[in-house]
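Read-outs: derived from the displayed coordinates by stated rules, not from any lab. All values derive from a computational prediction rather than experimental measurement. Because the Cβ atoms are built from the backbone with ideal geometry, glycine has one as well, and the counts that use them run over all protein chains shown.
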Amino acid sequence: MNPADRKYVYPAALRGEWRPLADYIEDGHALTPDMRRLLVKILRNECKRRKGPKHRPARDKTEEWSRFDGLVVEVLRLQFQGFGKTAAVEKVGELYAKAGATTVWRALREPFAKKFIEVARSLAGVDCSP
């Protein structure tokens, strides 16, 4: 393990993230005096893990895309099979129990979906606009 990893392990353990310290010890690396003192405190239950934030963290935009991309692709697939735009959206809303037609329409209006639809339309000549 390089010195940069050691500089990460100790501060992470102070924050309550003990897995890096456990991995460091398990790999057979030498403990610094500070790590040794912290490990003794942890074993004596004098050092407790910090709790996470009480508020819900903001949703990541990539997670939003991963949630919507399947809906957009499914609408396009149905349109390629001959479904109309509204019929495809309603069908996808029925297929995905958590989605619903409103969520599908919202997914189609997202900027990343618009680019995706534009490319699909230019490749296939199908009108997929929301």
Distance histogram for segment 61-124 (every C-alpha pair counted, 5 angstrom bins, percent rounded to whole numbers): 4, 20, 31, 27, 14, 4, 0
Calculated FRET value between LYS115 and ASP23, using beta carbons and R₀ = 41 Å, to 0.05: 0.50
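Based on the Kirkwood radius over alpha-carbon pairs, what value in µm²/s does the Stokes-Einstein equation return for the translational diffusion coefficient of segment 3-43 at 20 °C and 1.002 mPa s?
Values: Rh = 10.0 Å.
D = 214 µm²/s.
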Lys, Arg +1 and Asp, Glu -1 on Cβ, resulting dipole of segment 61-124 about Cα centre, debye, nearest 20: 140
Where a label projected 7 Å from the Cα of ARG49 along Cα→Cβ would reach, residues of segment 6-38 with amide N under 16 Å: 12-23
